1. Please specify each residue of the range 388-402 satisfying the condition of being surrounded by 15 or more Cβ atoms within 10 Å (Cβ to Cβ) and modelled with pLDDT under 95.
2. Kindly provide the set of residues from the range 205-240 that are within 16 Å of ligand 3 (Cβ to nearest atom) and open to solvent by 10 Å² or more (accessible area, probe 1.4 Å), ordered by number.
3. Would you check which residues across the range 362-383 are surrounded by fewer than 18 Cβ atoms within 10 Å (Cβ to Cβ) and of a type in the set (A, V, I, L, M, F, W, C) and list them?
4. Could you tell me how many of the residues in the range 179-213 are at pLDDT below 95 and of a type in the set (Ser, Thr, Tyr)?
5. In the set Glu4, Glu75, Glu39, which member is at pLDDT 95 or above, within 10 Å of ligand 3 (Cβ to nearest atom) and not aromatic (Phe, Trp, Tyr)?
6. Mind counting the residues in the range 335-348 that are assigned to a helix (DSSP H, G or I) and either within 16 Å of Ala401 (Cβ to Cβ) or open to solvent by 10 Å² or more (accessible area, probe 1.4 Å) (or both)?
7. Among the numbered criteria (1) more than 20 Å from Ala136 (Cα to Cα); (2) of a type outside the set (Lys, Arg); (3) touching a Ser or Thr at 6+ places or on another chain (Cβ under 9 Å), which single criterion is violated by Ala238?
8. Among what's in the range 125-168 and is on the phi > 0 side of the Ramachandran plot and surrounded by fewer than 18 Cβ atoms within 10 Å (Cβ to Cβ), pick the residue that is nearest to ligand 3 (Cβ to nearest atom).
Amino acid sequence: MVIEKICCLGAGYVGGPTCSVIALKCPNIKVTVCDKSLERINQWNSDKLPIYEPGLDEVVKQCRGRNLFFSTDIEASILEADLIFISVNTPTKTIGNGKGRAADLKYIEGAARMIADIATSNKIVVEKSTVPVKAAEIIMKILRANTKPGVEYQILSNPEFLAEGTAIVDLVEAERVLIGGEDTPEGQKAVQELCWVYEHWIPAKNILTTNTWSSELSKLAANAFLAQRISSINSLSAVCEATGADVSEVARAVGRDSRIGPKFLEASIGFGGSCFQKDILNLIYLSECLNLPEVAAYWQQVVSLNDYQKTRFTRKVIESLFNTVADKKIAILGFSFKKNTGDTRESPAIYVCKTLLDEGAKLHIYDPKVEHEQIFYELSHPLVTNEPENVRKNIQIHETAYSAVAGAHALVLCTEWDEFKTLDYKKIYEVMMKPAYVFDGRKILDHEALLNMGFHVQTIGKRLSRTSSIRAQGSQTMP
Ligand code: UDX
Ligand code: UDX
Ligand code: ADP
C-alpha cells in the first residue's frame, strides 16, 4: 500500500504542527487533521491559529486547502485514510486507580473505538500521543476485538520528540524519528510504509525502527533523562547559593565533558510543560506496577526536586519582602512554561502565583503570548484554589511589562522571554516601590547592572551582593 491519505485524530500541540509539516514535505499525501472540538478546528481554519509556535503560520498558510485540511468530519476522514495518527490528549488521571500518576487513557480508548466503528478498509494506526508503555496494546485489543470482516489493522508507535517553541525546526530537522511495530511480516511492512512518509525529508539513517514496546519506553525515557538533568543542575543551584559557587560556571565546566554535553543544564525556577512531569509520573507508576519500587523511588526524586526548586524560589521571594506579601503589589513577568510558547500547562509560574496569592499578594501579570483568560483559568483551577472568585479580584493582567511593574514592590521573572532582557530597567526602577526587588527565576538579566541601579536582586544558583556589584562596577552595563 502506498500511503495517499492520512487522518490525524487530535488537533493539539502535537497533531497540528506534526501534520502541518508532513503536509508541507509530502505534497503527494492528503493530510486531514480532525478534532471533536469545533472551536479548535475553526481556529485552525482561521488567521489566528489556536497555538503560538514560531514558523507554524507560514507552514499552515502554504499547505491549507492544498493537501492539508482541518475538519470535524472525523468519520469521512477515517473512512478514506490509509494511515491514522492518534494524537489525542493523555492527561494524568485525577480520580481512581493511579490517580495523580497514571495516564488517563480514555481519549486514546475513545479514538480507538471510533476507528473500529467507522473503518471499512485496512488501516495503519499510529500512536503519536505520549502514553505509557503498552498503550499500543490497548489500541490493538480494541481494534482487533471489533474488527469487521475484511478489515485489518497494523498498530505502530511513533512518538513525537518536538519541543514547544521550536516545534517546526524540530520536525523539519528531526535528529531522529522512532517507529516501533510488531515483529511480523505485516507489522514490518507497516513500519516501512510509515518510514516512506518520513523519508520525504528525513535521511533514512535518522529513522530508527524498534519493537513497539521499546519505542514507547524510549519516549518516556528520553523525557525522564532530560528532566533529570534539570533536576540535577537545580539541586546544585541550591548548593551554589549556599557556598558562593555560580551554577552557570559549574554547568559550563560540567557540560564541557563530551560524555555529559552542554545542553539542558540551565538551572531554573523548575521545569514545566505538558510532558516532563506527566511522563516521569507514568514511569513511576509503571515501575510500581511492575513491582520495582527502587526504580520508582529513583525517578520520584526528579519530580520532588522540581517541587523543591519551585518552593525554594517562592520562599525566597516572600522572605526577602520582610516575610509578608499581604496586599503587596507584585509584578509577574512571564507565565508560559518556557519562552516562545503560549502554553501554560504545568508552568512553574502557576505555583509561584498560587503561593503568593495564598499569602495575600496582589499580582500584576504580563506574558507576551499567553491569553488572559488562560491565566485566569490556570489560577482559578480547583487544584490551585477553592476561592476562584478571589483570584479574579487579586490578579490583574497587563498588556506590557512596564504597566505591570508600576508601583510594584517586586518583579518576579518566571519565563525567559527575550524581551525581558532588553527592558529599560532604569525606568522600571523609578516606577517601583522602594526598596525595589528583582527575582530572576531564569538567570537571564544583567544582575550587576541591576544592583548598580539600586535594585535588590536574587537569582538561581548564585549569591548576589552589593559588594560584588561594587567590585564589578564599570565593567558591565545593561543592554
Ligand atoms: C571516572 C570519570 O570517568 C573520570 O572522568 C574521573 O576523572 C574519575 O572517575 P573511572 O572511574 O576511571 O573515571 O572510569 P569510568 O570510565 O568513568 O567508569 C567508572 C565505572 O562506571 C566503571 O565501573 C564502568 O564500568 C562503569 N560504567 C561506565 C558503566 O557501568 N556504564 C557506562 O556507560 C560507563
Ligand atoms: C519536552 C522535550 O524537550 C521534547 O523532546 C518532548 O517531545 C516534549 O517534552 P517541551 O516540554 O516542549 O519539550 O520543552 P523543553 O524545552 O523540553 O522544556 C521543558 C521545561 O524545562 C521548560 O519549563 C523549560 O524552561 C525547562 N528547562 C529546559 C530548564 O529549566 N532548563 C533547561 O536547561 C532546559
Ligand atoms: P497534545 O499536547 O498531546 O497535542 P492537546 O490537548 O493539545 O494535546 O490536543 C489534543 C486534542 O485531541 C484536543 O484538541 C482534543 O479535543 C482532541 N481529541 C480528544 N479525543 C479526540 C477524539 N476521539 N477525536 C478527535 N479529537 C480528539
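1. Across the range 388-402, the qualifying residue is only Val391.
2. Those that are within 16 Å of ligand 3 (Cβ to nearest atom) and open to solvent by 10 Å² or more (accessible area, probe 1.4 Å): Lys219, Ala222, Asn223.
3. Within the range 362-383, Phe376, Leu383 qualify.
4. The number of residues fulfilling the criteria is 1.
5. Only one candidate qualifies: Glu39.
6. 0
7. Among (1) more than 20 Å from Ala136 (Cα to Cα); (2) of a type outside the set (Lys, Arg); (3) touching a Ser or Thr at 6+ places or on another chain (Cβ under 9 Å), the lone unmet condition for Ala238 is (3).
8. It comes out as Lys134.
The values are calculated or read from the model by the stated rules, or taken from the named source; none is laboratory data. Computed from a predicted structure; not experimentally measured. As a convention, Cβ positions derive from the backbone with ideal geometry for all residues, glycine included, and neighbour counts pool all protein chains shown. Ligands, DNA and RNA are stripped out before the accessible areas are found, and what is left, the full protein with its side chains, is counted by its heavy atoms. Shrake-Rupley method; radii C 1.70, N 1.55, O 1.52, S 1.80 Å.
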